[in-house]
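Asker: Sharing a structure, written as C-alpha cells. Questions coming.
The values are calculated or read from the model by the stated rules, or taken from the named source; none is laboratory data. Remember, it's a predicted structure, so these values are computed and weren't measured experimentally. Positions of Cβ are backbone-derived with ideal geometry, glycine not excepted, and every protein chain shown enters the neighbour counts. What goes into the accessible areas is simple: the full protein's heavy atoms, side chains included, and nothing from ligands, DNA or RNA. Shrake-Rupley method; radii C 1.70, N 1.55, O 1.52, S 1.80 Å.
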Amino acid sequence: MPHNKIISAAIALCTIAFFTMASVSSALASTRTPVTITGTYDFSTFPDVTGTFTTTGALTISGDTTMHIGPNYNGTIAHCVVTLIAPDGVIIIHQECQFATSPPAGRWEIVSGTGAYANLRGNGSLTMPDDQEAMTGFIYQ
C-alpha cells in the first residue's frame, strides 16, 4: 500500500512538472522587439488632452492620440489612459506616472487594441519631457 502512494505521488509530480514546463516554454517563445512611442500633447485641456504620435522600431505608425490623466489627491502620481489612433486600428495604453523626478517618469503597458493591433502586447518605461510622453520598451510577438 505505501508503494502505491509513492507511485501516485510521483505521477502527480510528473504531471505538474509537465504542465509547468509547457507553459514556461510557450512564454519563452515570445520574441521581444524594441519600440519607441512618442506622443506630443496640448495640455491646455487637462485632464483630457489630444495630440499626435509616432513610433519607431517594432511599430512604424503615426496618427492622432488622446490621453485621459487621472492624478492622485496630491498630484504626485497619475494613472493615464493613452489612445493611439492609427489608420489600421487603435492601441490602448495604461501609464503610471510619478512626478517626483525631473523629468517625470513612469511605466506603460498596452492593455488592448483593435484592428491590426487586436493581439498586441508591450510594455516599458517612459519619461515626460515638456509636452511629450516618451515611451521606450518592447513589443512581444
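Asker: If amide hydrogens are placed 1.01 Å from N in the peptide plane, which non-local residues have theirs closer than 5 Å to the one on Gly63?
Answerer: So Gly63 has HN proximity to Phe53.
Asker: Compute, for Tyr41, the solvent-accessible surface of its heavy atoms (probe 1.4 Å) with the complete set of protein chains present, and express it in square angstrom to the nearest 10.
Answerer: For Tyr41, solvent-accessible area is about 10 Å².
Asker: Using a 1.4 Å probe, how large is the accessible area of His94, given in Å² and rounded to the nearest 10?
Answerer: 90 Å²
Asker: Lys and Arg at +1, Asp and Glu at -1: add these up for the other residues within a Cβ distance under 12 Å of Ile69 and post the number. Kindly include the intermediate steps, with their values, before the conclusion.
Answerer: Values: positive: none; negative: Asp48, Glu96, Glu133.
Once all neighbours under 12 Å are counted, the net charge is -3.
Asker: What are the radius of gyration and Dmax of segment 29-95, computed over its Cα atoms and given in Å?
Answerer: 13.5, 44
Asker: OK, next. Which whole-Hz ³J(HN,Hα) couplings does segment 56-69 yield from phi under the Karplus relation 6.51 cos²θ - 1.76 cosθ + 1.60, θ = phi - 60°, glycine and proline marked x?
Answerer: Coupling constants for segment 56-69: 9, x, 4, 10, 10, 9, 8, x, 8, 8, 10, 9, 9, 9 Hz.
Asker: Still on this structure, please answer the following. Given a Förster radius of 30 Å and the C-beta distance between Asp64 and Gln141 as r, what FRET efficiency does 1/(1 + (r/R0)^6) yield to the nearest 0.05?
Answerer: Working: r = 25 Å, r/R0 = 0.83.
The calculated FRET efficiency here is 0.75.
Asker: Search the structure for amide H atoms under 5 Å from the amide H of Gly113, placed 1.01 Å from N in the peptide plane, and list their residues when 5 or more places away or on another chain.
Answerer: Distant-sequence amide H within range of Gly113: Ile92.
Asker: Share of segment 56-141's accessible area from carbon and sulfur, percent, 1.4 Å?
Answerer: On the way: 2400 of 4420 Å².
Carbon and sulfur: 54 percent of the exposed surface of segment 56-141.
Asker: Further, regarding this structure: Round to the nearest 0.05 the FRET efficiency obtained for Asn74 and Ala118 when R0 = 30 Å and r is the Cβ-Cβ distance.
Answerer: On the way: r = 38 Å, r/R0 = 1.25.
For Asn74 and Ala118, the calculated efficiency is 0.20.
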